[in-house]
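Taken together, the values in this text are just the output of simple stated rules run on the coordinates, not laboratory data. Keep in mind the model is a prediction, meaning the values are calculated, not measured. Glycine also receives a Cβ, built like all others from the backbone with ideal geometry; neighbour counts cover every protein chain displayed.
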Amino acid sequence: MALRTEAAAAQPEERVEVDVLIVGAGISGIGAAHHLKEQCPERSFAVLEAQDGYGGTWRTHRYPGIRSDSDLYTFGYRFKPWVGPPIATAEQIMRYLNEVVEDDELTPHVRFGHRIVAAEWSSDEQCWSVRALRAEDRATVTIRCGFLWMCQGYYRHERGYTPAWPGMDRFAGRVVHPQEWPEDLDVTGKRVVVIGSGATAATLVPAISPACAHVTMLQRSPTFFIARENVSEVADMLRLLEIPEEWIHEIVRRKNLYDLELLYEISRDYPEFAREELLKPIRELLGDQLDVDRHFNPSYRPWQQRIAALPDGDLFKEIHAGRVSVVTEQIDEFVEEGIRLGSGEVLEADLVVTATGFEVNVLGDVAFRVDGADVDFADTVTYRGMMFTGVPNMVWVFGYFRNSWTLRVDLIGDFVCRLLRHLDELGCASATPVLPASLSTMPRLEWVDPENFNPGYLRRAMHLLPRQGDREPWRHQQDYWTERVELPAADLDDGALVYAQRRA
């Protein structure tokens, strides 16, 4: 299809037709657009973004200190060398993304302020009809496309997850979720309690603590951290040798991937050794100041939840300086002056920050229909963790948890472009994952194996997510080292995908 807009004067509804519609202009959507332009330049496409600019996560989250918790040599794209520090600020990441947008001339393809509310596939017409609301005038825009590439992520950008604790309405101070950080919020001289122990809390606390009267990180249970200098000695050495940046990016990327995989293997095979290695630098710095085992030694084994990176160990330094305290305790209730703990102690606060996680959504909370029937993704089985049984020509980019999200953006980009070319070779319009009758009794397993990865935000939403099987290609592996080999070699004619011919 050629890109065209039909705006009939008598109809307020705008209609657009493209070959491929990409949903989301964050790191996944920008990467998808790059691969499509590079590998399938003959395809017309559009990108829909609900926000008013690029960036996705890096635009949504504006709390103090916001930064990556993956190194940018792997979190960055394989095609765009990273030249900054390994752990980067949101500002640095946004500059990087904007460079990709400019290099690829993507802006003419992007429509900001468009929120998708429904998507319906018609087998008769062999296309998707996607209905979106345009923010500026609340008009409806309908986009017809042959292929739908969902790159909107996995959580709700408009709000975060905050538990409903008793007495919150009695608290005299202010309660703020980091995902909804107000621009006018001044923490200077305030007593702040940050509820949470993950990457968001560990980022926010050292960013605000120098200005606050005091900050308490209140956690129900501990998190594992990796504290290291925010430099890449390998990259710095290679730059001294005047090695091209493209080579440096690939060398450091491979080294960091190797190091992460080694840490995971040690965590899996020798969990107590890995535990002690992660705790050793904390004991060396803070052992005399607090009970390290109580506050930084989780009950789960390393890598059952994400290990947060602390560049230069900034959180530990703020604890050592006395500006930050850590409390590991259950919350009983909010009271006027702060938070009463299960022990009966009251943490007095002027401001409470609920760094308590995300609200997971499934494919952007879009109402999907296929040939008039509603799609409940919890009833589907995934094909390679990206497509779903009974749903034609649609891919969801769901990245890695242990490794950088963007590694899978690149792999899926290659796969989608190969699938689109294969459809052309076959003279077909669509590909639909279909579970063969011989596998009707195959176990339906959870979207992510809880023994492999089990953070709270994922456990809360698991009943809404697609299922996976116990064999290929019906698994969601969450394993970069396996998929980097298997996805490029995947047989597109093994019977898992059913193709439909183009119609005149």
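Quick one: angle between helix 480-489 and the longest Cα principal axis of the chain, in degrees between 0 and 90, rounded to 10, please. Helix 480-489 and the main axis of the chain meet at about 10 degrees. Computed on the chain, with alpha-carbon pairs under 8 angstrom and 6+ residues apart, the relative contact order is 18 percent. Mean separation of Cα pairs under 8 Å and 6+ residues apart, divided by the residue count of region 268-388: what relative contact order is that in percent? Dividing the mean separation by the residue count of region 268-388 yields 13 percent. Each residue of region 266-277 is assigned a 3J(HN,Hα), and the resulting list reads 5, 5, 6, 8, 9, x, 6, 5, 4, 4, 5, 5 Hz, derived from the Karplus form 6.51 cos²θ - 1.76 cosθ + 1.60 (θ = phi - 60°), x at Gly and Pro.
So what's the net charge close to PHE45: Lys and Arg +1, Asp and Glu -1, counting the other residues with Cβ under 9 Å from its Cβ? Here the charged neighbours net out to +1.
Whole-Hz Karplus values for region 331-341 come out as 8, 8, 6, 7, 10, 4, 8, x, 10, 8, 8 Hz, taken residue by residue from phi with 6.51 cos²θ - 1.76 cosθ + 1.60 and θ = phi - 60°; glycine and proline positions read x. Taken as Cα centroids, region 188-209 and region 212-252 sit 20 Å apart, rounded to the nearest whole angstrom. Our coupling estimate for region 415-431, obtained by passing each phi through the Karplus curve with A = 6.51, B = -1.76, C = 1.60 and θ = phi - 60°, is 5, 4, 5, 5, 5, 4, 5, 5, 4, 5, 4, 7, x, 10, 9, 8, 10 Hz, Gly and Pro reported as x.
Under 5 Å between amide hydrogens, built in the peptide plane, is the criterion, and for ARG144 it picks out VAL16, GLU17, VAL18, VAL130 among residues at least 5 positions away or on other chains. Taking each DSSP H run with n ≥ 4 as -39500 (n - 2.57) and averaging over every residue of the chain yields -8500 deg cm²/dmol at 222 nm.
Pick out, in residue order, every one of the GluC sites (Glu not before Pro) in region 391-459 that is DSSP loop and has at most 15 other C-beta atoms within 10 Å; say none if there are none. Passing both the DSSP loop test and the Cβ count: GLU451. Taking the centroid of alpha carbons for each part, region 317-386 and region 29-83 are 25 Å apart. Other residues within the sphere of radius under 15 Å centred on the Cβ of LEU257, judged by their own Cβ, net out at -1 (K and R +1, D and E -1).
Each peptide among 192-205, 329-342 gets the average number of other Cβ atoms lying within 10 Å of its residues, and from highest to lowest they stand as 192-205, 329-342.
Would you mind counting up the charge near VAL391? Only other residues with Cβ under 14 Å from its Cβ, with Lys and Arg at +1 and Asp and Glu at -1.
After counting each charged neighbour, the total is -2.
Can you give me the Kirkwood hydrodynamic radius for region 375-420, using every pair of distinct Cα atoms, in Å to one decimal? The Cα-based Kirkwood calculation yields 11.4 Å. Residues whose amide H falls under 5 Å from that of ILE243, counting only those 5 or more places apart or on a different chain, are absent, with hydrogens built in the peptide plane. Taking a straight Cα-Cα cut-off under 29 Å and skipping sequence neighbours fewer than 8 places away in the same chain, the lysines within cross-link reach of LYS80 are LYS37, LYS255. Listed values (1) 171; (2) 286; (3) 199 include one computed from this model; for volume of the Cα convex hull per residue in Å³ that value carries the label (1). If you average the alpha carbon positions of region 271-305 and of region 104-176, how far apart do those two centres end up, in angstrom? A separation of 39 Å, based on Cα centres.
Distances between placed amide hydrogens fall under 5 Å for ALA227 paired with LEU310, all partners being 5 or more residues away or on another chain.
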